[in-house]
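Trainee: Dropping the structure in here first, questions after.
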Amino acid sequence: DAGVIQSPRHEVTEMGQEVTLRCKPISGHNSLFWYRQTMMRGLELLIYFNNNVPIDDSGMPEDRFSAKMPNASFSTLKIQPSEPRDSAVYFCASRPGPQNEKLFFGSGTQLSVL
Amino acid sequence: AQSVTQLGSHVSVSEGALVLLRCNYSSSVPPYLFWYVQYPNQGLQLLLKYTSAATLVKGINGFEAEFKKSETSFHLTKPSAHMSDAAEYFCAVSGEAGTALIFGKGTTLSVSS
């Protein structure tokens with residue numbers, strides 16, 4: 001099992017550019033989560049999906065952020081336009097089902113917006 | 001709604017000393033509670049979870065946590081710290097099935113020789 005796969009591992013971009021983060025959950029997992037980690041705010045839930053359907057996106061900071069899950073094996077988090085305050089580590093996690101089982105985390109994408 | 005407060009953003013102990021990391025939760029329904037550990041440049045890994053089966057939960061690497069409903073606490077302990085325990089530790093809570101985990105801000109554990 002390859003685990004949750006995130007790409008890229010590191011992203012450096014300039015303010016105003018579009019950024020797309022990618023996530024491949026563990027095969028067979030029905031729930032997918034996007035979290036953002038910063039020193040100031042800790043680990044914040046941005047959005048999560050059950051069976052490819054967005055359930056709660058109240059954590060998405062602004063309209064500049066959008067997330068999609070077109071199928072069970074792929075999700076994207078897009079920031080357009082990016083700003084320096086978006087610099088953070090973005091984690092994707094997946095879970096086998098809706099029960100409160102453990103989350104499996106990817107290694108994260110370190111985003112730096114200059 | 002659920003929330004978690006971790007008391008102390010940084011805890012320092014000596015090797016062999018007791019580790020105590022504090023977590024208090026707020027939940028409108030019976031909670032599911034978790035402790036995760038994050039090593040540098042890695043994602044989070046599950047240490048242990050409480051799902052109402054037993055109030056004292058044993059996890060990996062010698063860690064355990066006790067659920068105390070009267071105190072709304074779920075503190076993490078380990079009798080004897082190892083250097084390899086140095087990491088960031090997160091407490092998390094969720095409510096109804098199908099909902100997301102809400103994490104605390106984390107506690108960085110330092111272990112000195």
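Trainee: Quick check, is B:Tyr36 closer than 20 Å to A:Glu44 by Cβ, among the hydroxyl-bearing types (Ser, Thr, Tyr) and modelled with pLDDT of 95 or more?
Mentor: The answer is yes for B:Tyr36.
Trainee: Name the strands (runs of 3 or more DSSP E) wholly within region A:32-114 that hold at least 1 residues that are closer than 22 Å to B:Val4 by Cα and at pLDDT 95 or above?
Mentor: Because the criterion is at least 1 residues that are closer than 22 Å to B:Val4 by Cα and at pLDDT 95 or above, the strands (runs of 3 or more DSSP E) in region A:32-114 that meet it are A:42-50, A:88-95.
Every residue, every condition in (1) closer than 26 Å to A:Arg36 by Cα; (2) without any contact (Cβ under 8 Å) to a residue 40 or more places away in the chain; (3) small (Gly, Ala, Ser), yes or no:
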{"site": "B:Gly8", "(1), (2), (3)": "yes, no, yes"}
{"site": "B:Asn24", "(1), (2), (3)": "yes, no, no"}
{"site": "B:Ser28", "(1), (2), (3)": "yes, no, yes"}
{"site": "B:Leu44", "(1), (2), (3)": "yes, no, no"}
{"site": "B:Leu48", "(1), (2), (3)": "yes, yes, no"}
{"site": "B:Thr55", "(1), (2), (3)": "no, yes, no"}
{"site": "B:Glu71", "(1), (2), (3)": "no, no, no"}
{"site": "B:Cys91", "(1), (2), (3)": "yes, no, no"}
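Trainee: Taking region B:89-104, which residues are buried (at least 19 other Cβ atoms within 10 Å of the Cβ) and within 29 Å of A:Val53 (Cβ to Cβ)?
Mentor: B:Phe90, B:Cys91, B:Ala92, B:Val93, B:Ser94, B:Thr99, B:Ala100, B:Leu101, B:Ile102, B:Phe103, B:Gly104, listed by residue number.
Trainee: Got at least one residue in region B:69-89 being of a type in the set (Ser, Thr, Tyr) and either at the interface with chain A (Cβ under 10 Å from one of its Cβ atoms) or in contact with a helix residue (DSSP H, G or I) (Cβ under 9 Å, 6 or more places away or on another chain) (or both)?
Mentor: Yes, because at least one residue in region B:69-89 is of a type in the set (Ser, Thr, Tyr) and either at the interface with chain A (Cβ under 10 Å from one of its Cβ atoms) or in contact with a helix residue (DSSP H, G or I) (Cβ under 9 Å, 6 or more places away or on another chain) (or both).
Trainee: Take B:Ala86 and decide whether it is surrounded by fewer than 18 Cβ atoms within 10 Å (Cβ to Cβ) and under 27 Å from A:Tyr90 (Cα atoms).
Mentor: Against the criterion (surrounded by fewer than 18 Cβ atoms within 10 Å (Cβ to Cβ) and under 27 Å from A:Tyr90 (Cα atoms)), B:Ala86 qualifies.
Trainee: Among (1) within 14 Å of chain B (Cβ to nearest Cβ); (2) touching a strand residue (DSSP E or B) at 6+ places or on another chain (Cβ under 8 Å), there is one condition A:Leu114 misses while meeting the rest; what is its number?
Mentor: Unmet condition: (1).
Trainee: Within region B:1-26, can you find the residues that are among the small types (Gly, Ala, Ser) and in a strand (DSSP E or B)?
Mentor: B:Ser3, B:Ser12, B:Ser14, B:Ser26
Trainee: Would you check which residues across region B:70-98 are of a type in the set (Ser, Thr, Tyr), within 17 Å of B:Ser52 (Cα to Cα) and in contact with a strand residue (DSSP E or B) (Cβ under 9 Å, 6 or more places away or on another chain) and list them?
Mentor: Matches in region B:70-98: B:Thr72, B:Ser73, B:Ser94.
Trainee: Could you tell me whether region A:10-25 includes any residue that is within 14 Å of chain B (Cβ to nearest Cβ) and surrounded by fewer than 17 Cβ atoms within 10 Å (Cβ to Cβ)?
Mentor: Within region A:10-25 (the criterion being within 14 Å of chain B (Cβ to nearest Cβ) and surrounded by fewer than 17 Cβ atoms within 10 Å (Cβ to Cβ)), the answer is yes, since at least one residue qualifies.
Trainee: I want to confirm something. Restricting to region B:38-62 and keeping residues that are within 11 Å of chain A (Cβ to nearest Cβ) and assigned to a strand (DSSP E or B), which single residue is nearest to B:Gly106 (Cα to Cα)?
Mentor: So, considering only residues that are within 11 Å of chain A (Cβ to nearest Cβ) and assigned to a strand (DSSP E or B), the one nearest to B:Gly106 (Cα to Cα) is B:Gln38.
Trainee: May I ask you to verify whether B:Thr51 is within 23 Å of A:Gly59 (Cβ to Cβ) and in contact with a strand residue (DSSP E or B) (Cβ under 8 Å, 6 or more places away or on another chain)?
Mentor: no
Trainee: Checking the condition without any contact (Cβ under 8 Å) to a residue 24 or more places away in the chain and under 23 Å from B:Thr107 (Cα atoms), which residue from A:Lys102, A:Lys68 passes?
Mentor: One residue alone meets the criteria, A:Lys102.
Trainee: Any residue at all in region A:28-45 that is out of contact with any Phe, Trp or Tyr (no Cβ under 6 Å at 6 or more places or on another chain), surrounded by fewer than 21 Cβ atoms within 10 Å (Cβ to Cβ) and more than 14 Å from chain B (Cβ to nearest Cβ)?
Mentor: yes
Trainee: Can you pull out every residue in region B:63-77 that is in a strand (DSSP E or B) and surrounded by fewer than 21 Cβ atoms within 10 Å (Cβ to Cβ)?
Mentor: Within region B:63-77, B:Glu64, B:Glu66, B:Phe67, B:Lys68, B:Ser73, B:His75, B:Thr77 qualify.
The values are calculated or read from the model by the stated rules, or taken from the named source; none is laboratory data. These numbers come from a predicted model, not from an experiment. Don't worry about glycine lacking a Cβ; one is built from the backbone with ideal geometry, like all the others, and counts go over all protein chains shown.
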